[in-house]
Structure formats: C-alpha cells, structure tokens
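Quick one: this structure, given as structure tokens, is what I'll be asking you about.
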Amino acid sequence: VQLQASGGGLAQPGGSLRLSCAASRSIFGYTSMSWYRQAPGKQRELVAIIDSDGTTGYIDSVKGRFAISTENAKNTVYLQMNSLKPEDTAVYYCNVAQLGLSYWGQGTQVTVSS
C-alpha cells in the first residue's frame, strides 16, 4: 500500500488545515489509521488514531482541536486541525496498520506562524 499525504502548508495561529492521506488500494480490514508528527529536533509522536470500529484517540495537546476521520470508499484518512498553534508546526505523517503490516506516507509539512 502506498500512502499519499497532502494538505499541509502555512497557517496563522488560530487557523485551520485539513490533511488527507489517500491509499493506493483498498484498506478494507485495516486495524488502525493514524497521524504522527515530528518537529525539528524532536521524536516522532502519535497525534491521532482511529480504529476499525471508529474509536478515536488523541494526544492531550490536540484534544478538542483536531479530529481524525476516514472515508473508506475513498481509502482516505483525514486530520482536521483547528485552532492551530505554533507548537503544532511539524512534518505530519499518516500511518495505516493492516494485516500485521505498517505503512507510512511521505509526510506533509505544517507550519503555523504569523
């Protein structure tokens, strides 16, 4: 499975962006889909995850601001990011876990700055 992430860019503090991650083929039966991010000089961290039953989870710093969702017909996972803060600046990566395997997208840069 190849994952193509898009939607990153420059946003002002308080602004919004929506990231998309499209899979090259059906991801039916996936275990989980998630978004990670890695800021300069920091380790990659899990930001949001959604299980196959629709259960979602978020790191504390984005709760109430970010929302992960899927559109199975399009084999796509989204990350809606609202009320963006400068500390959200990072490269964002999507991940799909399916049948014991883990797939990564190429990353999309999100920069939050005035």
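The values are calculated or read from the model by the stated rules, or taken from the named source; none is laboratory data. Fair warning: this is a prediction, and the values are worked out from it, not measured in the lab. A quick note on method: Cβ atoms are made from the backbone with ideal geometry, for glycine too, and the neighbour counts reach across all protein chains shown. Just the protein is used for accessible areas: all its heavy atoms, side chains included, with ligands, DNA and RNA removed. Shrake-Rupley method; radii C 1.70, N 1.55, O 1.52, S 1.80 Å.
Under 6 Å by Cβ, and 6 or more places apart or on different chains, what pairs join a residue from the range 93-107 that is among the small types (Gly, Ala, Ser) with one that is open to solvent by 10 Å² or more (accessible area, probe 1.4 Å)?
Ala97/Thr31; Ala97/Ser32; Gly105/Leu3; Gly105/Tyr93; Gly107/Val91; Gly107/Tyr93
Continuing with this model, one more query. Find the residue count for the range 65-89, including only residues that are among the aliphatic types (A, V, I, L, M) and either open to solvent by 50 Å² or more (accessible area, probe 1.4 Å) or in contact with a Lys or Arg (Cβ under 8 Å, 6 or more places away or on another chain) (or both).
4
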